[in-house]
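Undergrad: Following this message is one structure expressed as structure tokens.
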Amino acid sequence: QPGSFQDTNVYCVLCDAGSFSTAAASSSCIKCQEGSYSTANGVSSQNVCAGCIKGTFSTALGMSSVSSCQLCIAGTFSSLDGLSMCTSCVPGSYSITEGASTLTQ
């Protein structure tokens with residue numbers, strides 16, 4: 001069934017948090033993409049993978065907790081949810097704030 005996969009012992013196993021399965025008879029689960037995470041087990045849709053909030057990012061796949069999202073370092077920002085990298089301040093500007101979510105922080 002969706003949200004699970006069939007292991008080598010012929011049992012269907014729920015997908016772990018941070019992953020999902022969209023089809024019946026899946027042989028594996030798909031990890032949430034970079035910049036997102038899921039805390040639930042047995043998920044059957046990528047829509048359940050929530051994006052890291054503004055001011056944070058993640059380059060990891062299959063994250064199972066919002067705490068896995070990292071703050072943007074000083075000199076960078078992320079103005080959208082679900083990013084896999086932060087944007088650098090433009091030349092002529094700077095930021096001393098970690099976790100900035102706008103160019104003006």
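The values are calculated or read from the model by the stated rules, or taken from the named source; none is laboratory data. Only a predicted model underlies this, so the values are computations on that prediction, with no experimental measurement involved. Neighbour counts are summed over all protein chains in view; Cβ atoms, including those assigned to glycine, are modelled from backbone coordinates with ideal geometry. In case anyone asks, the SASA skips ligands and DNA or RNA and just uses the protein heavy atoms, side chains included. Shrake-Rupley method; radii C 1.70, N 1.55, O 1.52, S 1.80 Å.
Undergrad: I need the full set of residues from the range 58-71 which are open to solvent by 40 Å² or more (accessible area, probe 1.4 Å) and either in contact with a His (Cβ under 7 Å, 6 or more places away or on another chain) or among the hydrophobic types (A, V, I, L, M, F, W, C) (or both), in order please.
TA: The answer is Ala60, Leu61, Val66, Leu71.
To keep it simple, each residue is scored yes or no on (1) in a loop (DSSP other than H, G, I, E, B); (2) open to solvent by 30 Å² or more (accessible area, probe 1.4 Å); (3) within 30 Å of Gly42 (Cα to Cα).
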site	(1), (2), (3)
Ile73	yes, yes, no
Asp81	yes, yes, yes
Ser84	yes, yes, yes
Ser95	yes, no, no
Gly99	yes, no, no
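Undergrad: How many residues does the range 11-23 contain that are at negative phi and open to solvent by less than 90 Å² (accessible area, probe 1.4 Å)? Even if it seems obvious, please write down each step before you answer.
TA: Our first condition is that a residue be at negative phi; within the range 11-23, this holds for 11-17, 19-23.
Those still in the list that are open to solvent by less than 90 Å² (accessible area, probe 1.4 Å) too: 13, 15, 17, 19-23.
Total meeting the criteria: 8.
Undergrad: What are the residues in the range 24-55 that are touching a helix residue (DSSP H, G or I) at 6+ places or on another chain (Cβ under 9 Å), within 11 Å of Ser84 (Cβ to Cβ) and buried (at least 19 other Cβ atoms within 10 Å of the Cβ), if any? I'd like the intermediate steps shown before the answer.
TA: Let us first name the residues in the range 24-55 that are touching a helix residue (DSSP H, G or I) at 6+ places or on another chain (Cβ under 9 Å), namely 30, 32-33, 36-40, 50, 52-53.
Narrowing the set further to residues that are within 11 Å of Ser84 (Cβ to Cβ) leaves 33, 36, 52.
Of everything in the range 24-55, those that are touching a helix residue (DSSP H, G or I) at 6+ places or on another chain (Cβ under 9 Å), within 11 Å of Ser84 (Cβ to Cβ) and buried (at least 19 other Cβ atoms within 10 Å of the Cβ) turn out to be Ser36, Cys52.
Undergrad: Which pairs do you get when a residue that is on the phi > 0 side of the Ramachandran plot, found in the range 84-105, comes within reach of a residue that is not basic (Lys, Arg), reach meaning Cβ atoms under 7 angstrom, with the pair 6+ apart or on two chains?
TA: Note: pairs meeting the criteria are Gly99/Gly55; Gly99/Thr56; Gly99/Leu71; Gly99/Cys72.
Undergrad: Please go through the range 56-80 and pick out each residue that is touching a helix residue (DSSP H, G or I) at 6+ places or on another chain (Cβ under 9 Å) and farther than 24 Å from Ser95 by Cα. Let's see the steps before the verdict.
TA: Step one: filter the range 56-80 for residues touching a helix residue (DSSP H, G or I) at 6+ places or on another chain (Cβ under 9 Å), giving 56, 58, 60.
Of everything in the range 56-80, just one residue is touching a helix residue (DSSP H, G or I) at 6+ places or on another chain (Cβ under 9 Å) and farther than 24 Å from Ser95 by Cα, namely Ala60.
Undergrad: Is it the case that some residue within the range 47-70 is in contact with a Lys or Arg (Cβ under 7 Å, 6 or more places away or on another chain) and of a type outside the set (A, V, I, L, M)?
TA: Yes, the conditions are met somewhere in the range 47-70.
Undergrad: Moving to a separate point now. May I ask you to list the residues in the range 43-71 that are in a loop (DSSP other than H, G, I, E, B) and farther than 20 Å from Leu103 by Cα?
TA: Val43, Ser44, Ser45, Cys49, Thr59, Ala60, Leu61, Gly62, Ser64, Ser65
Undergrad: Pull up the range 30-74, narrow it to residues that are in contact with a Gly (Cβ under 6 Å, 6 or more places away or on another chain) and among the aliphatic types (A, V, I, L, M), then point me to the one that is farthest from Leu14 (Cα to Cα).
TA: So the residue we want is Leu71.
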